[in-house]
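**Q** Pasting a structure here, questions to come.
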Amino acid sequence: MRPRRGLSLLCIIACLSYSVILAIWYAVNSDRDYIHPILTQLIPAGHCACQTSTTFQCSTCLSCPDLALQQPTTPTTPTWKFEYPRDARNDTLDQSQCRVAFPGLFEDIARGKRHWRSQGGLVTEDLDAIPIQYGMARAFISQGNLHVVSARANGEDHRKKILGVLSSIHRALVANRDRADQRDIEFVFSVEDKVDDVTNPEHPVWVFARTPTEEGVWLMPDFSFWAWDNAFNYIGPYDQVVDRIQRLDLPWDQKIPQLVWRGKPSFAPKLRRALIEAARDKPWGDVRQVEWSTGANVLKMEDHCHYMFIAHVEGEFQPYSSKGHLWGLTADRKSEEVALTELVGRSYSASLKYRQACNSVIVAHKLQYIQHHHYLLISEGPQQNYVEVERDFSDLADKIEPLVQNTTAAAQIAHNSVKTFRERYLTPAAEACYWRELFEGYSSVWNSTVDVWSSRHGKERGLRYESFLLLPSPQQLEFRAEMAFSGPIA
């Protein structure tokens, strides 16, 4: 009897384990509007299980940036001030103008300098120790020109993101009136969402986002400032998207006094389910899952701007249309009914800056990942430019309801967001200034020379950006300059 009882107990345990696994799988992958609260508690946090969120004690960034970046003034120094829209697209601002125009934008560069100075600086051997994985590239700047040493792309998405970064760097270089005096530097960058997907966070890799503990990396603007385009979509350059949104935005008093969000709950389910439940049955909530098979609840990007409040959830931006295409235009560039919706749960969310293009209040949970412009996020005080809630959205109602009752206060937050981000820190001028400050900050801890010529191979170590751009796509996918063909002109 005992062996039979033991076998029965084992079967019961196996059945219970299978049931729990099945329940967790269902909770994680279901896109139904409602699942039982017990199931939501079973959902693992995954990438959302951060120990440290980026709650910036940085309300002074707009007025008191890193002291090392402030420009000395004398009685004879001419007064220059950034003016929108006059200077918004001026990517030729010099260093002193950049620092006057964008106080607080270069905080992470200053942090990177302090970190690497404490490590004794950077040398070529530090880069040699970094394996170039898919989604990474190595390049150098010499005499103000960009050269590509190697690049690895796992498909067209990687390749275009790498090209976007290289193109942004090239644009910032050629717009610099003092490019000939630019100190030579060599660097490695990654276009992957997460640092630990491709490299050790102690390596000096240039990345789009980092966690507070990843102190060795340097933050750079993401690829979509240049343009976002692949086989399924055409979003275009970021400043073009902003222009489109501005033309279609509504006056504040015509906006819908609700919080809007659209998405697929199975992407980052822990965060998204928490948001859906926090807003469920609330008169101020228009938070819904999208049904791609039917097109139900699909909302155009510009229609998000018609709401007073827009919810933001971390994760990768994947905007789809009601016809299954990505947001923008299809490959043949014909218009589609499109929607800003999907934030696939990988790490940072590239969609934040698109939402900040709206004259609306951004409502975001405490962020796990830092991007280069996040130091300008202010969650309280007279310069407040967004509303911050807990990662489980437990205080969402407490934060939203007073603003729904007092839309004048909400309007001021939205106004501050527009003035801070759309009209200043996310302009083309700010992006170019950030790149050049990154070159300057990185060069201040770069202790090696940059070899332009390879004696071993009897040729240049890197291919000029202009030439790399003209290579056939397959050659850009797996590129090493030392293997690049060079022969006589026919």
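The values are calculated or read from the model by the stated rules, or taken from the named source; none is laboratory data. Note that the structure is predicted; figures quoted are calculated from it, not measured. Positions of Cβ are backbone-derived with ideal geometry, glycine not excepted, and every protein chain shown enters the neighbour counts.
**Q** If you check every pair at least six apart or on different chains, which have Cβ atoms under 7 Å apart with a residue in segment 235-256 that is closer than 25 Å to residue 157 by Cα and of a type in the set (D, E, K, R) first and a residue that is surrounded by 15 or more Cβ atoms within 10 Å (Cβ to Cβ) and at pLDDT 95 or above second?
**A** Qualifying pairs under 7 Å: 239/428.
**Q** Same structure again: Between a first residue in segment 276-288 that is closer than 21 Å to residue 255 by Cα and a second residue that is in a loop (DSSP other than H, G, I, E, B), which pairs have beta carbons less than 7 Å apart while being 6 or more apart in sequence or on different chains?
**A** If the second residue must be in a loop (DSSP other than H, G, I, E, B), the pairs left are 288/297.
**Q** Here is a follow-up. Out of 146, 166, report the one residue that is closer than 20 Å to residue 449 by Cα, in the same structural domain as residue 434 (by TED's automatic domain parsing) and either of a type outside the set (Phe, Trp, Tyr) or in contact with a helix residue (DSSP H, G or I) (Cβ under 6 Å, 6 or more places away or on another chain) (or both).
**A** Matching residue, one of 146, 166: 146.
Table: residues versus (1) free of Cβ contacts under 8 Å to residues at least 24 places away in the same chain; (2) outside the structural domain of residue 109 (by TED's automatic domain parsing); (3) closer than 23 Å to residue 116 by Cβ; (4) in a helix (DSSP H, G or I).
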site: 418; (1), (2), (3), (4): no, yes, no, yes
site: 422; (1), (2), (3), (4): no, yes, no, yes
site: 434; (1), (2), (3), (4): no, no, yes, yes
site: 437; (1), (2), (3), (4): no, no, yes, yes
site: 442; (1), (2), (3), (4): no, no, yes, yes
site: 448; (1), (2), (3), (4): no, no, yes, no
site: 457; (1), (2), (3), (4): no, no, no, no
site: 468; (1), (2), (3), (4): no, no, no, yes
site: 471; (1), (2), (3), (4): yes, no, no, no
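**Q** Consider residue 393 against the criteria (1) crowded, with 22+ Cβ neighbours inside 10 Å; (2) assigned to a helix (DSSP H, G or I): it satisfies all of them except one. Which criterion is unmet?
**A** Answer for residue 393: the failing condition is (2).
**Q** A further question follows. Any residue that is in a helix (DSSP H, G or I), more than 15 Å from residue 203 (Cα to Cα) and touching a residue at least 24 places away in the same chain (Cβ under 8 Å) - is there at least one of those in segment 134-156?
**A** Yes, segment 134-156 contains a residue that is in a helix (DSSP H, G or I), more than 15 Å from residue 203 (Cα to Cα) and touching a residue at least 24 places away in the same chain (Cβ under 8 Å).
**Q** Out of all the residues in segment 424-441, is one or more under 30 Å from residue 371 (Cα atoms), touching a Gly at 6+ places or on another chain (Cβ under 7 Å) and either modelled with pLDDT under 95 or buried (at least 19 other Cβ atoms within 10 Å of the Cβ) (or both)?
**A** The answer is yes, given that some residue of segment 424-441 is under 30 Å from residue 371 (Cα atoms), touching a Gly at 6+ places or on another chain (Cβ under 7 Å) and either modelled with pLDDT under 95 or buried (at least 19 other Cβ atoms within 10 Å of the Cβ) (or both).
Conditions (1) modelled with pLDDT under 95; (2) crowded, with 16+ Cβ neighbours inside 10 Å; (3) over 21 Å from the mean Cα position of the chain (by Cα), marked per residue:
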site: 183; (1), (2), (3): no, no, yes
site: 187; (1), (2), (3): no, yes, no
site: 209; (1), (2), (3): no, yes, no
site: 218; (1), (2), (3): no, yes, no
site: 236; (1), (2), (3): yes, yes, no
site: 249; (1), (2), (3): no, yes, yes
site: 259; (1), (2), (3): no, yes, yes
site: 271; (1), (2), (3): yes, yes, no
site: 279; (1), (2), (3): no, yes, yes
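**Q** While we're on this one: What do you reckon, is residue 362 touching a strand residue (DSSP E or B) at 6+ places or on another chain (Cβ under 8 Å) and either surrounded by 17 or more Cβ atoms within 10 Å (Cβ to Cβ) or not hydrophobic (A, V, I, L, M, F, W, C) (or both)?
**A** yes
**Q** Moving on to the next point. Only residues that are at positive phi and either among the hydrophobic types (A, V, I, L, M, F, W, C) or crowded, with 17+ Cβ neighbours inside 10 Å (or both): list them for segment 104-143, please.
**A** 104, 135
**Q** Check off (1) in contact (Cβ under 8 Å) with a residue 24 or more places away in the chain; (2) out of contact with any strand residue (DSSP E or B) (no Cβ under 9 Å at 6 or more places or on another chain); (3) assigned to a loop (DSSP other than H, G, I, E, B); (4) not hydroxyl-bearing (Ser, Thr, Tyr) for residue 298 and give me the number that stays unchecked.
**A** (2)
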